[in-house]
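Scroll down for the structure; my scribbles are underneath it.
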C-alpha cells in the first residue's frame with residue numbers, strides 16, 4: 001500500500017456520460033498530480049494541485065476538470081466521455097510544490113463503451 | 001520541446017544475464033531524473049532520483065547512472081521477479097513550483113528462469 005488511495009478501481013460507462021475519480025493523498029502530502037496512461041501514449045501529465053490551488057496544467061482536455069478540497073483529497077471530473085478516454089488514470093502525491101518524491105496510487109481503470 | 005525516449009521498447013533476458021536500459025532526454029534545465037518500476041495494472045513504484053551528471057545510485061540488482069543527455073539503468077544478474085516495465089521521467093526546471101514529470105514510454109523487461 002503506497003498510502004495514496006484512488007477510488008473506484010474500475011469504472012465502465014457509456015459515451016457521453018460524466019464520471020468522477022477520487023484521490024486521497026499520502027498523509028502530509030500537499031501536492032496532488034493526475035496522470036493518464038493509455039497503451040500508445042504512456043503516462044501523460046494532466047494537472048497538479050498544491051494545497052488547494054492549481055499549480056500546473058498539462059495536456060488536459062476542456063472536458064476534464066479537477067479540484068483539491070480543504071482536506072487535500074482531489075477529484076478528477078471527466079465529462080462528455082469518448083471511446084478514446086478509456087485509459088488508466090493515476091493520482092500521485094508529494095510533500096512539496098516542486099514534486100520530487102512522487103508516490104503513485106494504484107489507479108482507476110476507465111472503460112468507455 | 002522537452003521529451004524522454006527510452007530504448008529498447010522491450011527486452012528479454014535469461015536469469016543472470018546482465019544488461020542496461022537507456023533513457024535519453026532533452027529538457028530545458030534538468031531539475032531531476034526519475035526511474036520507476038511498473039507492474040501490470042499497478043501504479044509506478046519509485047526507484048531512484050538523480051540530480052546531476054556523474055551521479056549514481058544503487059538498489060539491490062539495479063544501478064542508475066546519469067550523464068548530461070542520458071541515463072542508464074543497469075540490471076546485474078536479473079531474476080524473474082525483476083520482470084516489469086521500467087519508466088524514466090524528467091522534471092524540468094520551469095523556474096516555478098510546478099512539479100510535473102515528463103515520462104518516457106518505458107522498457108518492458110522479461111526475465112526468463
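The values are calculated or read from the model by the stated rules, or taken from the named source; none is laboratory data. These figures come from a predicted structure and were not determined experimentally. No Cβ is skipped: glycine too gets one built from the backbone with ideal geometry, and neighbour counts run over all protein chains shown.
Observations on the model:
- Residues that are closer than 21 Å to residue A:80 by Cα and surrounded by fewer than 22 Cβ atoms within 10 Å (Cβ to Cβ), drawn from region A:22-35: A:22
- All conditions in (1) more than 19 Å from residue A:43 (Cβ to Cβ); (2) buried (at least 17 other Cβ atoms within 10 Å of the Cβ) hold for residue B:59, with the sole exception of (2).
- Yes/no for residue B:42 being under 22 Å from residue A:90 (Cβ atoms) and free of Cβ contacts under 8 Å to residues at least 60 places away in the same chain: yes
- So residue A:60, is it without any contact (Cβ under 8 Å) to a residue 40 or more places away in the chain and closer than 18 Å to residue A:81 by Cα: yes
- Total residues in region A:54-65, condition surrounded by 15 or more Cβ atoms within 10 Å (Cβ to Cβ) and in a loop (DSSP other than H, G, I, E, B): 2
- Under the condition of being farther than 24 Å from residue A:101 by Cβ and either within 14 Å of chain A (Cβ to nearest Cβ) or assigned to a strand (DSSP E or B) (or both), the residues counted in region B:6-21 number 9.
- Selection of region B:51-88 for residues being within 14 Å of chain A (Cβ to nearest Cβ) and modelled with pLDDT under 95 yields B:51, B:52.
- Some residue of region B:6-16 being closer than 15 Å to residue B:69 by Cβ and touching a residue at least 40 places away in the same chain (Cβ under 8 Å): yes
- Among the residues making up region A:66-113, those that are farther than 19 Å from residue B:99 by Cβ, free of Cβ contacts under 8 Å to residues at least 60 places away in the same chain and either at the interface with chain B (Cβ under 8 Å from one of its Cβ atoms) or not in a helix (DSSP H, G or I) (or both) are A:69, A:70, A:71, A:75, A:77, A:86, A:87, A:88.
- Residues of region A:36-53 that turn out to be assigned to a strand (DSSP E or B), surrounded by 13 or more Cβ atoms within 10 Å (Cβ to Cβ) and free of Cβ contacts under 8 Å to residues at least 60 places away in the same chain, as a count: 11
- Odd one out for residue B:62, checked against (1) touching a residue at least 60 places away in the same chain (Cβ under 8 Å); (2) touching a helix residue (DSSP H, G or I) at 6+ places or on another chain (Cβ under 9 Å): (1)
- If the condition is being surrounded by 19 or more Cβ atoms within 10 Å (Cβ to Cβ) and facing another protein chain (nearest Cβ under 10 Å), then region B:32-48 contributes B:32, B:34, B:36, B:38, B:43, B:44.
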